[in-house]
Each structure stands twice: as C-alpha cells, then as structure tokens.
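Computed from the coordinates by the stated procedures, all read-outs in this text should not be read as laboratory data. Predicted, not measured: the structure shown is a model, and the values here were computed from it. Glycine also receives a Cβ, built like all others from the backbone with ideal geometry; neighbour counts cover every protein chain displayed.
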Amino acid sequence: MVASPPKPRVSAEQRRALRLLASSRHGVNAALLVHGHGFKRRVLAGLVPRKLTAAEREVAMAGGNPIEVVRIRITAAGRRAVGK
C-alpha cells in the first residue's frame, strides 16, 4: 500500500493565498496579489521554493509599451496543502 505524501504545513496567510490561487484557472498577477489583496511579497515568494506555487514571467503590453509581469499559479502540491 502506497501512502500519499503528507500535507505541507502552511500559515494562515499562505493558506489564504493558496485558496485564492486555487480559484483562478490561469493564475494571478503577483502585483495584484500584493496591492489588491494585501499579501506580503515574502509570503508569496515563500510558496515557490516549497513548490506550492509556480511563478512565470510574462511580457504584456500596457499603453503600447511592453512590461514584464509575474503570474503565480498554484501547483498540485499547493492544492493538496489546502485540500482543493
């Protein structure tokens, strides 16, 4: 019998971020999470090395100018951590 991996321990703030990310199919712009939802950058950054989220840099156009944005997506391990 194979046991499933244990759920990673996450803080209440990390759990809140993971639940929000779980509700977004395509991930969320990191700046929106910081400025719009009040997450601290270190909370979001701490989820990536634990493989609970993945961060991808993208180039978007704003007013005809290219800007670099970071999109954060929840991983399967992140979903397991919050039971989603």
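Computed over neighbours whose Cβ is under 10 Å from that of R71, the net charge equals 0, Lys and Arg +1, Asp and Glu -1. Relative to the longest principal axis of the Cα atoms of the chain, helix 12-22 runs at roughly 70 degrees.
Relative contact order of the chain, taken over Cα pairs closer than 8 Å and 6 or more residues apart, is 37 percent.
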